[in-house]
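Enquirer: Please find one structure pasted underneath; my questions will follow.
The values are calculated or read from the model by the stated rules, or taken from the named source; none is laboratory data. Remember, it's a predicted structure, so these values are computed and weren't measured experimentally. FYI the Cβ positions are ideal-geometry reconstructions off the backbone, even for glycines, and counts take in every protein chain you see.
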Protein chains: 2
Amino acid sequence: MSLVVQKFGGTSLGDMERIARAAGHVMTALGSGHRVVVVVSAMAGETDRLVALAKAAGGDPESAEHDAIVASGEQVSAGLLALMLRDTGVPARSFHGWQVPLITDSSHSRARVLRIGPDALGACMEAGGVPVVTGFQGVTDDGRITTLGRGGSDLSAVTLAARLDAERCDIFTDVDGVFTCDPRIVAKAHKLDMITYEEMLELASQGAKVLHARSVAVAMNHRVRLQVLSSFTGAPGTMVVDEDEVVEQQVVSAIAYSKDDAKITMIGLPDRPGVAAALFGPLSDAGINVDMIVQNISPDGESTDLTFTVAESDLGQALAVLAESNRDLGASDIVPDSSVAKVSVVGVGMRSHAGVAGRMFATLADRGINIQLISTSEIKISVLIAEDYLELALRSLHSAYGLDATD
Amino acid sequence: MSLVVQKFGGTSLGDMERIARAAGHVMTALGSGHRVVVVVSAMAGETDRLVALAKAAGGDPESAEHDAIVASGEQVSAGLLALMLRDTGVPARSFHGWQVPLITDSSHSRARVLRIGPDALGACMEAGGVPVVTGFQGVTDDGRITTLGRGGSDLSAVTLAARLDAERCDIFTDVDGVFTCDPRIVAKAHKLDMITYEEMLELASQGAKVLHARSVAVAMNHRVRLQVLSSFTGAPGTMVVDEDEVVEQQVVSAIAYSKDDAKITMIGLPDRPGVAAALFGPLSDAGINVDMIVQNISPDGESTDLTFTVAESDLGQALAVLAESNRDLGASDIVPDSSVAKVSVVGVGMRSHAGVAGRMFATLADRGINIQLISTSEIKISVLIAEDYLELALRSLHSAYGLDATD
């Protein structure tokens, strides 16, 4: 019998009515002849409440106690969904991370899954039961509770689906699926029926919130068929699948954006070997990721300007690190700018189509939007622009790449 | 090094300030050179909230899922207290029931402790740490979470104290200790410095809320020295100890009361052998405890009246069972009465002093209070009276037995 993993996010479990609706989706899948493993997030708002409590108690977010506190949220939602299912005659039972067990390393608040013991879930299903697993959490080999960080429940679901050879992993959420662009900004955006792992991974990495990159990467590596769909409508969502399953490919499938970046320009850096290492080494040591980088041509052969982006939340720390490094480097000025946005067009069709970047640059130029930085991968082009132009840029590009809904 | 178990109730952990105060009590004990094991209840109100959620999801309170949900409350408070202690440099860590492990049977919502593995707590303390154990909960041999029922956190604390050979088990709560009577009713009631296990067990059984009878019984059986004290003042509370430790014994140590009883009178029952069994057998089968019983003298040798009490919460079910039994028994009427209260005077001194019962009856008669039922044990006399006279009865008896505070 085929197995489906169903994961329900916090908004899909926000109150009793919503939990009942989630139970309905489980029963539909059972009615279709599937075995089902359920993975749950905490009820909406609950994790934030617990994090605030732990913080008020002076808790380092990376401590074992923080995780033990925060992990209680999924215990409650798993129990409630199991009770609702039992109430309708489905022999469900909750499994906490340690009961599965889902073994992780001991990096609290961002633990990595090491392995999953499939026996307990298998025995439950053999006996006709439906396991309801607490997402977001695991346990170390020496029995401490861990959490997996942002997007952790999706990661639990995908990892379980891979381990159990599930036919599909359904991610139930509060949107209808993956859209060509954020419909709150681009009214003509439409839901995609299918998207490839590679595209979804790029979109998630470039700011799309619907799935986290970690979960997509695990799904891609293990070829887990992911579906993102709405728990409110239950209508078919977006399938995230292998490239060869997508019949008709667009050159550009979707457009992502991020307002969480900040730009830093080092002015008048000496133009000699070793400068980049002296600049980026200390940032890396401080745990700060640098994303886009451009170095200007050196007009006099002696000094140059270097521009790059970091996460906006890292900006303060990055400037402190750079000020320290600059004692030796001698740039004449360090100029930060948080009023920037990154726009990324993504599509596997780029591999076989020329002119995608050209159309992007021409479209933005037509609207008078200056491009500050560019970075590309095989299936993605990202540009950094002034944040004020973000909505205009997204709508213009959405039209230019033929993504506007036709109905 | 001597070991102290410190248990904090829900009101003692109601907010961050109170949790900080609890942490202070732990540090005081550490500063006195004790090793400390902490046991916590859920934050005030939290268990009620979780029970309501489980109930809304259709959960049978005796189900495994109910327990898995409700047990999350202590996880949070244990983590928060551990974080607060760590924040002040004390290497504390939380232990959930399954991490101790505290093994119970599988009677969910009222599980019995089977055994405790002392190794994990011992290792924590060997390394200089302070274990903060979630009260109220355990785990079955096959890894399901259980809860211990009312007073469960006290029971966890006392059981751990017994297992670990603790020098003392401190029950921190929101009152100063065990009083001669409820000070909200009897203004002249005063805190007792000491009380014997036997007296405390009777008081708890007869309605005193400060400790549950189960916990006192375990403490008595294992000779665990219990202290009930306030987490707000930190002043010495009441020690519950062996009889030979109490130097100066009062004839009556304290007076308890209960408004949770209901009286049932069976009128015109046939006075023949087997009637009591036919009456009380079905009640017992239905899980209904009968407390006080009195059978009137049969004036005609043919029929009699039988009066007894049950818990008020069982009254409806009891009447249904009795109506069924009465088809064969043929009592002419079954009269329930919920407007009753039970008053119990308790003291080990009764063993060696005559006249205690006589003083009780005389005192109540002087105030015109009619005694409906009487039951006695070696160290206790209980009477059932009309509920309207409860306060008057308590104040009168408190004076009559010389318990009024002299300052």
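Enquirer: Among the listed residues B:ALA208, B:ALA235, B:ALA217, which satisfies the condition of being more than 29 Å from B:GLU391 (Cβ to Cβ), among the small types (Gly, Ala, Ser) and free of Cβ contacts under 8 Å to residues at least 60 places away in the same chain?
Expert: Values: B:ALA208 fails: more than 29 Å from B:GLU391 (Cβ to Cβ); B:ALA235 fails: more than 29 Å from B:GLU391 (Cβ to Cβ).
On inspection, the qualifying residue turns out to be B:ALA217.
Enquirer: Collect the residues in the range B:192-209 that are assigned to a loop (DSSP other than H, G, I, E, B) and buried (at least 21 other Cβ atoms within 10 Å of the Cβ), keeping them in residue-number order. Explain how you work it out, then say what you get.
Expert: First pass over the range B:192-209, keeping only residues assigned to a loop (DSSP other than H, G, I, E, B): B:192-193, B:206-209.
Those that are assigned to a loop (DSSP other than H, G, I, E, B) and buried (at least 21 other Cβ atoms within 10 Å of the Cβ): B:LEU192, B:GLN206, B:ALA208.
Enquirer: So the check is Cβ under 7 Å with 6+ separation or different chains; which pairs have a first residue in the range A:142-161 that's away from chain B (no Cβ under 14 Å) and crowded, with 24+ Cβ neighbours inside 10 Å and a second one that's part of a helix (DSSP H, G or I) and not hydroxyl-bearing (Ser, Thr, Tyr)?
Expert: Partner pairs satisfying both residue conditions: A:LEU148/A:LEU155; A:LEU155/A:ARG214; A:LEU155/A:VAL218; A:VAL158/A:VAL218; A:VAL158/A:ALA219; A:THR159/A:VAL218.
Enquirer: Considering only residues of the range A:294-351 that are within 30 Å of A:ILE195 (Cβ to Cβ) and surrounded by fewer than 14 Cβ atoms within 10 Å (Cβ to Cβ), which is modelled with the lowest pLDDT? Break it down stepwise before answering.
Expert: Filtering the range A:294-351 for residues within 30 Å of A:ILE195 (Cβ to Cβ) gives A:294, A:308-314, A:340-351.
If we keep only those that are surrounded by fewer than 14 Cβ atoms within 10 Å (Cβ to Cβ) too, we end up with A:313, A:351.
Working: A:SER313: 94, A:ARG351: 86.
Here the answer is A:ARG351.
Enquirer: Still on this structure, please answer the following. If you go through the range B:122-138 one residue at a time, how many are buried (at least 23 other Cβ atoms within 10 Å of the Cβ) and over 19 Å from A:THR146 (Cα atoms)? Before you say what the answer is, go through the steps one by one.
Expert: Step one: list which residues in the range B:122-138 are buried (at least 23 other Cβ atoms within 10 Å of the Cβ), which gives B:130-138.
Those left that are additionally over 19 Å from A:THR146 (Cα atoms): B:130, B:135-138.
Qualifying residue count, the range B:122-138: 5.
Enquirer: Can you find even one residue in the range A:362-370 that is among the basic types (Lys, Arg) and within 19 Å of A:GLU248 (Cα to Cα)? Steps first, please.
Expert: So the first thing to find is which residues in the range A:362-370 are among the basic types (Lys, Arg), and the list is A:367.
Next, only the ones that are within 19 Å of A:GLU248 (Cα to Cα) stay: none.
The answer is no; no qualifying residue exists.
Enquirer: Taking the range A:376-407, which residues are of a type in the set (A, V, I, L, M, F, W, C) and over 22 Å from the mean Cα position of the chain (by Cα)?
Expert: Residues satisfying the conditions are A:ILE385, A:ALA386, A:LEU392, A:ALA393, A:LEU397, A:ALA400, A:LEU403, A:ALA405.
Enquirer: I'd like to know if the range A:371-385 contains one or more residues that are part of a strand (DSSP E or B), without any contact (Cβ under 8 Å) to a residue 24 or more places away in the chain and among the hydroxyl-bearing types (Ser, Thr, Tyr).
Expert: Taking the range A:371-385 as the starting set, the residues that turn out to be part of a strand (DSSP E or B) are A:373-377, A:380-385.
In the following step, the residues that additionally are without any contact (Cβ under 8 Å) to a residue 24 or more places away in the chain were identified as A:376.
With the extra rule that they be among the hydroxyl-bearing types (Ser, Thr, Tyr), the set shrinks to A:376.
Yes - at least one qualifying residue is present in the range A:371-385.
Enquirer: Exactly one condition in (1) at the interface with another protein chain (Cβ under 10 Å from one of its Cβ atoms); (2) within 24 Å of the chain's Cα centre (by Cα); (3) over 27 Å from A:GLU62 (Cα atoms) is not met by B:GLU65; state its number.
Expert: Here B:GLU65 meets the rest and fails (2).
Enquirer: Look at the range B:178-191 and say how many of its residues are closer than 19 Å to B:GLY9 by Cβ, over 14 Å from the mean Cα position of the chain (by Cα) and buried (at least 18 other Cβ atoms within 10 Å of the Cβ).
Expert: Here is the first cut: in the range B:178-191, the ones closer than 19 Å to B:GLY9 by Cβ are B:178-179, B:182-184, B:191.
Those left that are additionally over 14 Å from the mean Cα position of the chain (by Cα): B:179, B:182-184, B:191.
Then drop every residue that is not buried (at least 18 other Cβ atoms within 10 Å of the Cβ), which leaves B:179, B:182, B:191.
Selection size over the range B:178-191: 3.
Enquirer: Is it fair to say A:GLY33 is of a type in the set (Gly, Ala, Ser) and closer than 20 Å to A:GLY97 by Cα?
Expert: Values: of a type in the set (Gly, Ala, Ser): yes; closer than 20 Å to A:GLY97 by Cα: no.
The answer is no for A:GLY33.
Enquirer: Please specify each residue of the range A:300-357 satisfying the condition of being in a helix (DSSP H, G or I) and without any contact (Cβ under 8 Å) to a residue 12 or more places away in the chain.
Expert: A:GLY316, A:ALA320, A:ALA323, A:ARG327
Enquirer: Hey, among B:GLY59, B:GLY33, which residue is at the interface with another protein chain (Cβ under 7 Å from one of its Cβ atoms), over 20 Å from the mean Cα position of the chain (by Cα) and in a loop (DSSP other than H, G, I, E, B)?
Expert: Working: B:GLY33 fails: at the interface with another protein chain (Cβ under 7 Å from one of its Cβ atoms).
Result of the check over B:GLY59, B:GLY33: B:GLY59.
Enquirer: So in the range B:81-115, with the set limited to residues that are closer than 27 Å to A:HIS66 by Cβ and under 22 Å from the mean Cα position of the chain (by Cα), which one is farthest from the other protein chains (Cβ to nearest Cβ)?
Expert: First, pick out the residues of the range B:81-115 that are closer than 27 Å to A:HIS66 by Cβ: B:81-102.
Add one more test, that the residue is under 22 Å from the mean Cα position of the chain (by Cα), and what stays is B:97, B:102.
Details: B:GLY97: 12, B:LEU102: 14 Å.
So, considering only residues that are closer than 27 Å to A:HIS66 by Cβ and under 22 Å from the mean Cα position of the chain (by Cα), the one farthest from the other protein chains (Cβ to nearest Cβ) is B:LEU102.
Enquirer: Let me ask something additional. So A:ALA189 clears everything in (1) touching a helix residue (DSSP H, G or I) at 6+ places or on another chain (Cβ under 8 Å); (2) under 18 Å from A:GLY347 (Cβ atoms); (3) not in a loop (DSSP other than H, G, I, E, B) except one condition, right? Which one?
Expert: Result: A:ALA189 fails condition (3) only.
Enquirer: Here's a follow-up. Pick from the range B:41-52 the residues that are crowded, with 21+ Cβ neighbours inside 10 Å and of a type in the set (A, V, I, L, M): which of them is nearest to the other protein chains (Cβ to nearest Cβ)? Before the answer, list the steps.
Expert: If we filter the range B:41-52 for residues that are crowded, with 21+ Cβ neighbours inside 10 Å, which is where we start, we get B:41-43, B:47, B:50.
Remaining after also requiring of a type in the set (A, V, I, L, M): B:42-43, B:50.
Numbers: B:ALA42: 10, B:MET43: 9, B:LEU50: 7 Å.
For the range B:41-52, the residue satisfying everything is B:LEU50.
Enquirer: Of all residues in the range A:31-57, count the ones that are of a type in the set (A, V, I, L, M) and within 18 Å of A:PHE172 (Cα to Cα).
Expert: 8
Enquirer: Within the range B:390-407, which residues are without any contact (Cβ under 8 Å) to a residue 40 or more places away in the chain and buried (at least 16 other Cβ atoms within 10 Å of the Cβ)? Reasoning before the result, please.
Expert: Applying the first criterion (without any contact (Cβ under 8 Å) to a residue 40 or more places away in the chain) to the range B:390-407 yields B:392, B:396, B:406-407.
Listed by number, the list holds a single entry, B:SER396.
Enquirer: Could you go through the range A:133-141 and let me know if any residue there is over 30 Å from B:PRO61 (Cβ atoms), within 12 Å of another protein chain (Cβ to nearest Cβ) and of a type outside the set (D, E, K, R).
Expert: First, the residues of the range A:133-141 that are over 30 Å from B:PRO61 (Cβ atoms): A:140-141.
From what's left, within 12 Å of another protein chain (Cβ to nearest Cβ): A:140.
Now narrow it down to the ones that are of a type outside the set (D, E, K, R): A:140.
Within the range A:133-141, one or more residues are over 30 Å from B:PRO61 (Cβ atoms), within 12 Å of another protein chain (Cβ to nearest Cβ) and of a type outside the set (D, E, K, R).
Enquirer: Does B:VAL38 satisfy the criteria of being more than 9 Å from chain A (Cβ to nearest Cβ), under 24 Å from the mean Cα position of the chain (by Cα), within 18 Å of B:GLY129 (Cβ to Cβ) and not in a helix (DSSP H, G or I)?
Expert: In short, yes.
Enquirer: Identify, please: which residue in the range B:68-80 is within 7 Å of another protein chain (Cβ to nearest Cβ) and polar (S, T, N, Q) and is, among those, surrounded by the fewest Cβ atoms within 10 Å (Cβ to Cβ)?
Expert: Here is the first cut: in the range B:68-80, the residues within 7 Å of another protein chain (Cβ to nearest Cβ) are B:68-69, B:72, B:75-76, B:79-80.
Keeping just the survivors that are polar (S, T, N, Q) gives B:72, B:75.
Values: B:SER72: 27, B:GLN75: 24.
Only one residue tops the list, namely B:GLN75.
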